[in-house]
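S.K.: Just passing along the structure, written as structure tokens.
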Amino acid sequence: MAPITQDVHTIPRKLPEGGLTNIVGLTRDQLRDALIAAGTPEKQAKMRLGQVWQWVYHWGVRDFTAMTNLAKDYRALLAANFTIELPQVVSRQISADGTRKYLVRIAGGHEVEVVYIPETDRGTLCISSQVGCTLTCSFCHTGTQKLVRNLTAAEIVGQVMLARDDLGEWPVQGAPKEEVRLISNVVLMGMGEPLYNFENVRDAMKIVMDGEGIALGRRRITLSTSGVVPEIARTAREIGCLLAVSFHATTDAVRDVLVPINKRWNIATLLEALREYPGLSNSERITFEYVMLDGVNDTKEDAYRLVELLRGIPAKVNLIPFNEWPGAPYKRSSGNRIHAFADIIHNAGYASPIRTPRGEDIMAACGQLKSATERARKSKAQIAAEAGL
Ligand code: SAH
Ligand code: SF4
């Protein structure tokens with residue numbers, strides 16, 4: 001089956017208007033303050049906050065007139081002061097394997113990508129935290145782009161909301177509660193380094209976890225970092241989600257090249273921070289991501305060294321076959337190499353799943369984000385130039 005690309009024609013969304021505050025992305029405290037500033041009596045603020053929060057994040061309502069348990073004049077007050085805005089979906093591609101990739105436009109005309117990966121017993125949404133990335137991991141396509149900016153909390157939580165829109169996952173009033181969630185997990189593994197945008201990522205994830213709204217459990221959220229050591233403990237304390245680390249090498253010499261942030265915080269420093277990750281236990285293991293690069297980091301010696309390094313850390317190793325992108329300086333390790341590596345880790349007592357590349361036909365796999373879009377843009381521009389348009 002060929003992949004399907006389509007432009008999405010949803011209800012046209014209003015552009016943010018001068019003076020109106022977007023409710024999406026405000027923390028509970030910020031929203032409460034904003035409701036009071038808009039004229040909500042302080043005594044009612046707590047109740048109003050709860051009501052509005054539920055409409056926006058539990059029911060997925062975007063229109064104040066639909067907030068039927070609020071008096072008409074209060075709805076008018078809300079409409080006069082607030083909007084409920086999400087980033088705009090520009091296009092949606094669906095892979096032959098069911099993976100969906102959304103190209104999303106944010107303020108300033110920037111674009112990020114969001115990927116939904118359905119599996120038999122769960123569905124994972126991979127969201128972005130920055131446009132591009134300031135780090136320059138040599139195997140990652142996002143790392144070849146210049147950072148444009150951090151995403152706001154609204155733009156981060158908005159990615160979860162727009163995917164729920166597309167999947168039809170908001171509850172329907174009066175209908176029985178769905179047992180299975182389409183988006184059962186969220187991973188911060190899209191574009192950007194989430195720990196370089198800590199506050200916005202934290203606020204957005206707090207909203208996603210809030211029990212009165214989308215209510216995704218904290219253990220259903222995984223934040224992936226390249227190893228920003230000073231923010232690691234804070235991730236556990238202030239967000240409480242699971243942690244994944246882009247490890248990728250077993251010596252500093254190799255990791256310095258693959259993940260250059262290693263020159264700032266080397267393997268020993270990183271491991272020390274991970275050993276101290278608050279709340280670390282067998283049920284809340286750290287995922288070590290390890291991209292398999294042919295002839296670079298994929299020998300048996302590497303696997304044995306990795307086992308030594310992990311000693312004492314409740315860990316699981318996620319082996320990621322390298323996903324190539326145009327001009328990439330590496331090749332994917334052979335299947336035999338990857339399996340031999342996985343067996344050594346497994347025999348040492350660590351889970352070592354090999355990540356199946358998903359959505360490769362739509363360039364949605366790890367590390368490929370944004371490239372297809374950029375190329376499509378370029379070729380469109382080229383076509384226009386050639387046609388003398
Ligand atoms: N910046 C964060 C999160 C985004 S990257 C981080 O680096 O952890 C999510 C994962 O995809 C990381 O483990 C990253 O190293 C990996 N990755 C990047 N490019 C890849 C590629 N071309 N093939 C396979 N995995 C890749
Ligand atoms: Fe940035 Fe992560 Fe890519 Fe490294 S792997 S360049 S940290 S997005």
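The values are calculated or read from the model by the stated rules, or taken from the named source; none is laboratory data. In this text, all values refer to a predicted model and were calculated from it rather than measured experimentally. Here Cβ is always computed from backbone atoms with ideal geometry, including for glycine, and neighbour counts include all displayed protein chains.
S.K.: Filter segment 133-154 down to the residues that are away from ligand 1 (no atom under 11 Å from the Cβ) and not hydroxyl-bearing (Ser, Thr, Tyr) and list them by number.
M.R.: GLN145, LYS146, LEU147, VAL148, ARG149, ASN150, LEU151, ALA153, ALA154
S.K.: For segment 166-189, how many residues are closer than 28 Å to ASN323 by Cβ and part of a loop (DSSP other than H, G, I, E, B)?
M.R.: Of the residues in that region, 6 qualify.
S.K.: Ok, one more. Given the criteria closer than 23 Å to PHE322 by Cβ, surrounded by fewer than 20 Cβ atoms within 10 Å (Cβ to Cβ), without any contact (Cβ under 8 Å) to a residue 24 or more places away in the chain and more than 14 Å from ligand 1 (Cβ to nearest atom), does GLY98 qualify?
M.R.: yes
S.K.: So in segment 209-238, with the set limited to residues that are of a type outside the set (Gly, Ala, Ser) and within 12 Å of ligand 2 (Cβ to nearest atom), which one is surrounded by the most Cβ atoms within 10 Å (Cβ to Cβ)?
M.R.: LEU223
S.K.: On to the next question. Here are some residues: GLY192, GLY211, GLY227. Which one is in a loop (DSSP other than H, G, I, E, B) and away from ligand 1 (no atom under 16 Å from the Cβ)?
M.R.: GLY211
S.K.: Still on this structure, please answer the following. In segment 318-362, which residue that is modelled with pLDDT of 95 or more, in contact with a Pro (Cβ under 8 Å, 6 or more places away or on another chain) and polar (S, T, N, Q) is surrounded by the most Cβ atoms within 10 Å (Cβ to Cβ)?
M.R.: SER333
S.K.: For segment 248-294, enumerate the residues that are aromatic (Phe, Trp, Tyr) and either in contact with a strand residue (DSSP E or B) (Cβ under 9 Å, 6 or more places away or on another chain) or buried (at least 19 other Cβ atoms within 10 Å of the Cβ) (or both).
M.R.: TYR277, PHE288, TYR290
S.K.: Taking the condition in the same structural domain as LEU182 (by TED's automatic domain parsing), more than 11 Å from ligand 1 (Cβ to nearest atom) and on the phi > 0 side of the Ramachandran plot, does GLY168 pass?
M.R.: Spelling it out, GLY168 is indeed in the same structural domain as LEU182 (by TED's automatic domain parsing), more than 11 Å from ligand 1 (Cβ to nearest atom) and on the phi > 0 side of the Ramachandran plot.
S.K.: Looking at segment 167-194, which of its residues are more than 16 Å from ligand 2 (Cβ to nearest atom), surrounded by 18 or more Cβ atoms within 10 Å (Cβ to Cβ) and either modelled with pLDDT under 95 or over 18 Å from CYS241 (Cα atoms) (or both)?
M.R.: Correct list: empty.
S.K.: Of the conditions (1) in contact (Cβ under 8 Å) with a residue 60 or more places away in the chain; (2) within 16 Å of ligand 2 (Cβ to nearest atom); (3) under 13 Å from ILE239 (Cβ atoms), PHE198 fails just one. Which one is it?
M.R.: Here PHE198 clears every test but (1).
S.K.: Further, regarding this structure: Being within 23 Å of ARG164 (Cα to Cα) and acidic (Asp, Glu) is the filter here, so list the residues in segment 69-117 that pass it.
M.R.: Within segment 69-117, GLU85, ASP97, GLU111, GLU113 qualify.
S.K.: Could you run through segment 195-208 and say how many residues are buried (at least 20 other Cβ atoms within 10 Å of the Cβ) and away from ligand 1 (no atom under 16 Å from the Cβ)?
M.R.: Going through segment 195-208 one residue at a time, the tally reaches 3.
S.K.: Of the residues ALA273, ALA244, ALA253, which is in contact with a helix residue (DSSP H, G or I) (Cβ under 9 Å, 6 or more places away or on another chain) and of a type in the set (A, V, I, L, M, F, W, C)?
M.R.: ALA273
S.K.: Across segment 295-317, what is the number of residues that are crowded, with 21+ Cβ neighbours inside 10 Å and closer than 29 Å to GLY279 by Cβ?
M.R.: Final tally of qualifying residues: 5.
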